[in-house]
Amino acid sequence: MLLLFASFVLLATGTAVAAEPTGFGELDSDDFDSHSKCANCHAIIRSQWQGSMHAYAYTDPLYQAELQMAGEGTGGQTDEFCSRCHTPIGVMSGEVPPIDGSMASDVALEGVQCDFCHTVPEGAVGDGAFVSTPGEIKWGPHDDAPSAAHESEFNEFYTDAEYCGMCHNVNSPFNGLPLDDTYTSWADSQYAEDEVACQDCHMSPGITQFEANPGRSASSAPKRDHISLHDIVGANSFMLGELSDGQYGEKAVERLQQAAKLEVSAPEEAISGETVMFDVSITNSGAGHKLPTGITEVRQMWLAVSVTDAEGKELYRSGQLNSEGSIEDAVIYHTVLADADGQITDKLWEAESIVSDNRILPKETAVESHSFVMPEDAVDPILVEAKLLYRSASQDMVDELFGEGTYDVPVIDMSEAYGSINGEADVPSNGTPGFTGLLLVISLIAAVGIYRTKK
Ligand code: HEC
Ligand code: HEC
Ligand code: HEC
Ligand code: HEC
Ligand code: HEC
């Protein structure tokens, strides 16, 4: 009675009542068109989408393996929850679960696809709280984009971060623990303040800021100043590389290489027997959320640091991979989860608490201190090298899931920096072109005498 009265007041006072997210089995998969239909006119957008993880959201073998494990571990309690963002059509049509995919139609297997994405009039942030109204009207960023094939309507939601936030914030269905806080960490950052949305970096060529991509969105459409890109690249060069025969993985590498800046600060001089301390700082200069983000109990970012003398003798190392592919003596930037017994777990569905989260906030800097003892026989000058590395999952985890030898998880060089002690050490020539370019710039500046960082 009281409840009824309360909702009556809400309606009567005209407060907007958000529609309920569309639930399991409420729609029919036939309500949705396949991407191949859209491709008749939107061919370029379709081919971009085929290079995105959205296209593989359901078939992704890493997802499938974790989905099965979650189902087994919880007696099926996660089946619908996990599937909601990875095959929204599957869930809303009541075809998934079962999670073995035996009931799933072709359009459900298309993962996060065109017609699903363009028929969401509204939704709320987190856990796939989307409202779905498949049909004639395709919503998008324009109020002047008519088409013979469908109605086109402008909806501001499509240009907002909240649209992406519907799925890019995941909370545990058991205890509400934040398991993926990509949207939240964006919303708390300067990027949100400056109105730089996910779309600006992920749907434009700019990578770390908006950059226009002039063109046409359909064969018969007018030319526009900007057409949003649909490859919506993240950091997953591993799965994109595997699933697209390497074709699309490179784009994720490019993105990772623009995410962070490194700096080495080492003392100018050091004597034999001295404990030499030096710092390496990592700045999240390009990601509009924590670095790294996503399912970061699985993702790994770390520094490989080495110190060598002029004859190539190694004086110090940390963060290298051993023969089994494990990271040795390094800080790993990610989240660590624990289960109900306080045991560390990388299983999302068992997580009861967050033990640590040392990821780097947008525009912030993490500083690592390293030290070594300068040996008697070290030959000057001494080179300090730091490399920021990333991989989508540990080799151990992937071997455990798929068996050894199935997948080699690539390790991506995100960024590097160098320092010298007791003179100017030669920087290795196999540095990235970007770095050589930077050196050239620095030497040009040095030549005109402006470059003065040494105290
Ligand atoms: C017969 C060709 C054709 C087909 C098939 C087609 N479209 Fe379009 N669509 C167009 C044209 C033309 C425009 C107008 C583009 C412009 O003005 O820039 C358009 C515009 C759009 C827009 C922009 C709407 C806005 O207001 O911003 C969206 C979104 C869209 N289409 C989605 C789809 C989806 C999803 C499919 C498949 C289910 C599809 N289209 C199938 C031709 C087509
Ligand atoms: C993850 C959801 C998602 C998927 C999948 C998706 N789109 Fe979009 N699409 C968007 C959003 C969001 C925008 C508007 C972005 C912006 O410009 O701010 C957009 C923009 C568009 C536009 C307008 C382009 C322009 O800039 O004029 C068209 C046309 C379109 N999409 C068609 C498609 C087609 C066809 C597919 C499948 C091949 C597809 N979309 C898949 C979310 C999606
Ligand atoms: C219906 C839910 C849904 C919506 C809406 C959605 N995504 Fe996604 N997105 C996913 C899922 C699920 C994956 C992961 C697929 C996988 O890796 O198996 C993903 C993957 C991605 C990736 C690649 C991640 C990687 O590891 O490289 C990026 C980047 C991304 N989405 C950005 C966006 C942006 C930007 C928007 C808004 C324009 C958006 N997404 C809207 C569900 C969604
Ligand atoms: C200022 C540019 C920028 C903005 C804004 C931004 N991103 Fe990113 N994003 C990046 C960069 C650079 C990376 C690669 C480094 C990383 O993984 O964090 C990335 C990576 C990702 C990934 C890959 C994670 C993985 O596990 O592979 C996802 C997913 C993602 N972004 C989603 C989003 C969503 C959703 C938003 C909005 C709430 C957003 N991004 C806003 C630049 C941006
Ligand atoms: C609220 C939406 C949502 C729900 C619910 C969800 N996911 Fe995801 N999932 C995503 C998004 C978005 C990404 C992409 C972020 C990234 O790449 O790190 C993702 C990525 C993944 C990945 C990484 C795939 C890869 O190739 O690296 C795995 C594995 C995964 N999810 C498993 C699960 C499991 C298991 C569940 C259920 C316990 C689940 N997801 C529930 C949205 C969701």
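Details
- Sequence ranges 396-404, 121-129, ranked by mean other-Cβ count within 10 angstrom, highest first: 121-129, 396-404
- Dividing the helix sum by the residues of the chain, where each DSSP H run of 4 or more adds -39500 (n - 2.57), gives a mean residue ellipticity at 222 nm of -6500 deg cm²/dmol.
- Lys/Arg +1, Asp/Glu -1 at C-beta; the range 121-252 dipole; positive extreme among I227, T182, S132: I227
- Placing unit charges on the Cβ atoms of the charged side chains and taking the dipole of the chain about its Cα centre, the candidate lying farthest along the positive direction among V427, C82, H142 is H142.
- The modelled label-to-label distance between F174 and E26, using points 7 Å beyond Cα along the C-beta direction, is 2.7 nm.
- Of all beta bridges that DSSP places with both ends in the chain, some 95 percent have antiparallel geometry.
- Within the range 22-232, DSSP assigns beta bridges of which about 55% are antiparallel (rounded to the nearest 5).
- Rounded to the nearest 20 debye, the dipole size of the range 22-232 about its Cα centre is 640 debye, using +1 on the Cβ of Lys and Arg and -1 on the Cβ of Asp and Glu.
- In this Cβ point-charge picture (+1 for Lys and Arg, -1 for Asp and Glu), the range 253-447 has a dipole of about 940 debye about its Cα centre.
- Between E156 and A221, the FRET efficiency from the beta-carbon distance, with R0 = 25 Å, is close to 0.75.
- Here, the range 253-447 yields an orientationally averaged convex hull projection of 13.2 nm² when only Cα atoms define the hull.
- Comparing Cα centroids, the range 269-299 and the range 312-359 end up 15 angstrom apart.
- When only the Cβ of Lys, Arg, Asp and Glu is charged (+1, +1, -1, -1), the dipole of the chain relative to its Cα centre reaches about 1260 debye.
- Nearest-ten-degree value, helix 61-74 long axis tilted from longest Cα axis of the chain: 70 degrees
- Look at where the Cα atoms of the range 156-195 and of the range 44-117 average out, and the two centres are 20 Å apart.
- Residues whose amide H comes within less than 5 Å of that of H334, counting only those at least five positions distant or on another chain, are N358, R359 (H built at 1.01 Å from N in the peptide plane).
- Relative packing of 293-302, 42-51, 164-173, which averages over residues the other C-beta atoms within 10 Å, highest first: 293-302, 164-173, 42-51
- 3J(HN,Hα) along the range 284-293, derived from phi through the Karplus expression 6.51 cos²θ - 1.76 cosθ + 1.60 where θ = phi - 60°, amounts to 6, 8, x, 9, x, 7, 4, 10, x, 10 Hz, with x in place of Gly and Pro.
- Among the listed pairs K261/K313; K347/K387; K138/K223; K261/K347; K261/K363, those beyond 21 Å (Cα-Cα): K261/K313; K347/K387; K261/K347
- Taken along the Cα-to-beta-carbon direction at a fixed 7 Å, the label points for I44 and E136 span 2.9 nm.
- The chain gives an Rg/Rh value of 1.02, both radii derived from C-alpha positions and Rh following Kirkwood.
- With respect to the chain, whose longest principal axis is taken over its alpha-carbon atoms, helix 2-12 is tilted by about 90°.
- Translational diffusion of the range 22-232 was estimated from the Stokes-Einstein equation, with Rh taken as the Kirkwood radius over Cα pairs; at 4 °C and 1.567 mPa s the coefficient is 72 µm²/s.
- P(r) tail, the range 253-357: Cα-Cα pairs separated by more than 18 Å, 63% of all pairs.
- Distance (nanometres) between label positions extended 7 Å along Cα→Cβ at M69 and E404: 1.8 nm
- Fully extending the segment from S102 to Q247 would add 49.2 nm, taking 0.36 nm per residue of separation and subtracting the current Cα-Cα distance.
- Efficiency of FRET between A145 and E364 - r from beta-carbon atoms, R0 51 angstrom, step 0.05: 0.85
- Derived scalar couplings ³J(HN,Hα) [the range 143-150; Karplus, 6.51 cos²θ - 1.76 cosθ + 1.60; whole Hz; x for Gly, Pro]: 9, 9, 10, x, 8, 6, 7, 7
- Nearest-0.05 FRET efficiency for D279 and D380, computed from C-beta distance (R0 30 Å): 0.90
No lab work stands behind these numbers, since they all come straight from the coordinates. Because the structure is predicted, anything quoted here is derived from the model rather than measured. Neighbour counts are summed over all protein chains in view; Cβ atoms, including those assigned to glycine, are modelled from backbone coordinates with ideal geometry.
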